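Just so it is clear, none of the values below were taken in a lab; they were calculated from the coordinates. These figures come from a predicted structure and were not determined experimentally. Positions of Cβ are generated from backbone atoms using ideal geometry, with glycine treated the same way; all protein chains shown enter the neighbour counts.
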Amino acid sequence: MVEQKEGYKIVTPGTLLATTPKKGKGIWVYERKTYSKYYGILKRRGELIEIQPINMKYYMPKRGDYVIGIIKDNILNFYIVDISSPYPGYLYYFDLTKNAYELEYVQRFYKIGTVIYSQVYQVGERVKLTMKDSNTKILRGGRLIKIAPSKIPRVIGRNASMISMIQKMTNCKIAVGYNGIIWVSGENMDLVVEAINKIERESLIPGLTDRIKEFLENRLKEKSGA
Amino acid sequence: MKEEELVRDGKRTDGRRLDEIREMEAKIGVVKNAYGSGLFRFGNTIAIASVYGPSEAYKPFERPDKAFLICDYKMLPFSTQERTKLRSRRSEEISMVITRAFENVLFLEEMPRTKIRVSIQIINAEASTRCAAINACSLAFADASIPMKDLLCSISVGKINGKIALDIAGKEDSFGECDMAIAYLPVNDSIYLLQADGDLSREEFKEAISLGINGCLKVYEVMKKCLIEGNEYVGPRV
């Protein structure tokens with residue numbers, strides 16, 4: 001097993017993690033021993049063990065996640081939203097707004113092809129979305145980028161440091177969905193797309209924030225010079 | 001070819017010992033558009049597996065309790081010396097046995113009402129294609145982050161001139177007395193696939209199984225090394 005300087009280990013499925021049953025994510029217990037379930041990075045937080053998959057290209061909906069989706073269809077009293085997951089999202093009319101008297105007015109803005117930034121509020125037989133949260137909105141214009149959902153925490157950074165740095169330096173508006181879809185709008189859209197692709201490629205190499213900052217500074221200098 | 005020629009002075013026609021495996025190579029991330037992919041090579045036998053999914057399942061493929069797994073094994077027409085049909089009874093059978101083996105290794109119940117499709121292509125064949133296919137599949141599932149118990153590893157064991165030999169290749173497959181494919185899961189010490197043709201006595205069978213398990217563990221090491229050291233996502237070592 002290779003141990004890196006930053007202090008993380010890469011494990012493969014079936015790697016023995018503990019000789020006692022433990023709790024956590026991405027693990028399974030067999031004959032009172034704990035094994036890994038994914039090919040990923042091992043993180044220990046006290047008694048908890050977490051395996052973060054390296055290359056997870058699919059999104060499993062979780063309650064409370066903000067996702068970006070495109071409205072595909074409108075049937076009966078709900079919209080079917082493509083959230084790039086095995087399960088489609090359902091947005092019911094009564095989840096469009098807090099105020100019931102606005103409903104008819106608000107419905108006019110939701111058409112097939114509309115891009116929405118919404119929140120998952122129930123995961124059961126159907127994945128239900130809501131627009132009642134104050135952060136949710138309809139996204140107009142701009143550009144959509146798709147990356148692996150397992151890389152989203154690196155794009156956001158610790159306490160949103162990475163995303164706020166990119167926004168400040170490029171003067172762009174960015175919305176990040178946990179389902180791996182990122183919406184970008186502003187002057188330097190191409191630069192943001194390049195930076196995000198760079199983050200996805202080099203997410204496991206240490207010192208990412210500094211490298212991205214340097215990359216953006218160099219590119220902006222070139223642009224202003226030309 | 002006469003039977004005597006297959007083993008001479010404890011060595012086989014290609015110069016290997018009886019318990020020696022052909023050169024092995026493992027890779028991941030070979031198909032960019034797939035959710036995960038893997039390549040496995042036993043000498044001249046090369047298998048590429050690519051995993052697509054979990055994705056939304058249509059009604060006929062929908063199961064309320066677990067994901068629907070479809071493995072599709074294809075031996076490409078140019079993979080052998082004589083051109084072969086893309087679809088045959090043999091490929092249907094191998095697709096089915098690989099699906100049955102992996103249904104017990106993957107945690108499919110974590111993804112109900114979805115479908116996972118695996119495409120396995122043999123681009124060059126020289127015996128042990130189903131073993132190479134299973135190994136490539138294991139790598140592809142690990143790369144696609146599908147939850148699984150362990151890496152399923154597989155190898156073939158056979159009988160040549162009355163002696164048990166590991167990793168049957170080329171002429172040994174056609175002129176040998178027995179050919180047996182084994183898929184083994186190290187974590188719970190279980191065999192998930194066992195297919196044999198030809199005759200073996202009880203003692204020979206026991207010897208073949210123990211030799212096969214040892215061979216599977218060598219394959220397991222190669223796959224594990226590929227996943228930990230040789231993947232492009234980790235990038236250069238700092």
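Shape verdict for the stretch A:9-53, please, from the Cα gyration tensor: rounded (a/c under 1.5), prolate (a/b greater than b/c) or oblate.
Cα axes put the stretch A:9-53 in the oblate bin.
Would you pull out the residues with amide H under 5 Å of A:SER84's amide H, same chain only if 5 or more places away, H placed 1.01 Å from N?
none
Could you work out the Kirkwood radius for the stretch A:143-225, taking every pair of different alpha carbons, averaging 1/r and inverting it, reported in Å?
About 12.7 Å, per the Kirkwood formula over Cα pairs.
Can you put A:LYS43, A:LYS151 in order, fewest other beta carbons within 10 Å first? All intermediate terms of the calculation are to be shown ahead of the outcome.
Numbers: A:LYS43 16, A:LYS151 21.
Fewest to most other Cβ atoms nearby, the residues stand as A:LYS43, A:LYS151.
Which value at 222 nm does the protein assembly as shown reach when only helices count, each DSSP H run of 4 or more adding -39,500 (n - 2.57), with the total divided by all residues and rounded to the nearest 500 deg cm²/dmol?
Calculated mean residue ellipticity at 222 nm is -7500 deg cm²/dmol.
Residue-wise, which Karplus ³J(HN,Hα) couplings in Hz belong to the stretch A:85-90, taking 6.51 cos²θ - 1.76 cosθ + 1.60, θ = phi - 60°, and x for glycine or proline?
In residue order, the calculated couplings are 9, x, 10, x, x, 10 Hz.
What does the charge dipole of the protein assembly as shown about its Cα centre add up to, to the nearest 20 debye, if the Cβ of each Lys and Arg holds +1 and the Cβ of each Asp and Glu holds -1?
Dipole about the Cα centre, nearest 20: 1760 debye.
For the stretch B:24-32, take each phi angle, set θ = phi - 60°, evaluate the Karplus expression 6.51 cos²θ - 1.76 cosθ + 1.60, and give the result in whole Hz per residue in order, putting x for glycine and proline.
10, 9, 10, 9, 10, x, 7, 10, 5
What are the residues whose amide H is under 5 Å from the amide H of A:TYR90, where those residues sit 5 or more places off or on another chain and H is modelled from the backbone?
For A:TYR90, the qualifying residues are A:VAL81, A:VAL127, A:LYS128, A:LEU129.
Work out from phi, with θ = phi - 60° and the Karplus expression 6.51 cos²θ - 1.76 cosθ + 1.60, the ³J(HN,Hα) of each residue of the stretch A:107-118, listed in order in whole Hz, and give x for Gly and Pro.
Each residue's phi maps through the Karplus curve to give 4, 5, 7, 9, 10, 5, x, 6, 9, 10, 10, 10 Hz.
Assuming R0 = 35 Å, what is the FRET efficiency of B:PHE78 and B:SER190, from their Cβ-Cβ distance, to the nearest 0.05?
Plugging the Cβ-Cβ distance into 1/(1 + (r/R0)^6) gives 0.45.
As a test of the definition: which semi-axes, in Å, follow for the protein assembly as shown when you take the square root of five times each eigenvalue of its alpha carbon gyration tensor? Largest first, please.
Semi-axes, largest first: 48, 25, 21 Å.
Tell me, how many Å apart are the Cα centres for the stretch A:120-173 and for the stretch B:157-196?
52
Could you list B:ASP143, A:ASP95 in order of exposure, starting from the residue whose Cβ has the fewest other Cβ atoms within 10 Å? Intermediate values should be presented prior to the final figure.
Numbers: B:ASP143 30, A:ASP95 21.
Least to most surrounded, the residues fall as A:ASP95, B:ASP143.
If amide hydrogens are placed 1.01 Å from N in the peptide plane, which non-local residues have theirs closer than 5 Å to the one on A:ASN74?
A:ILE80
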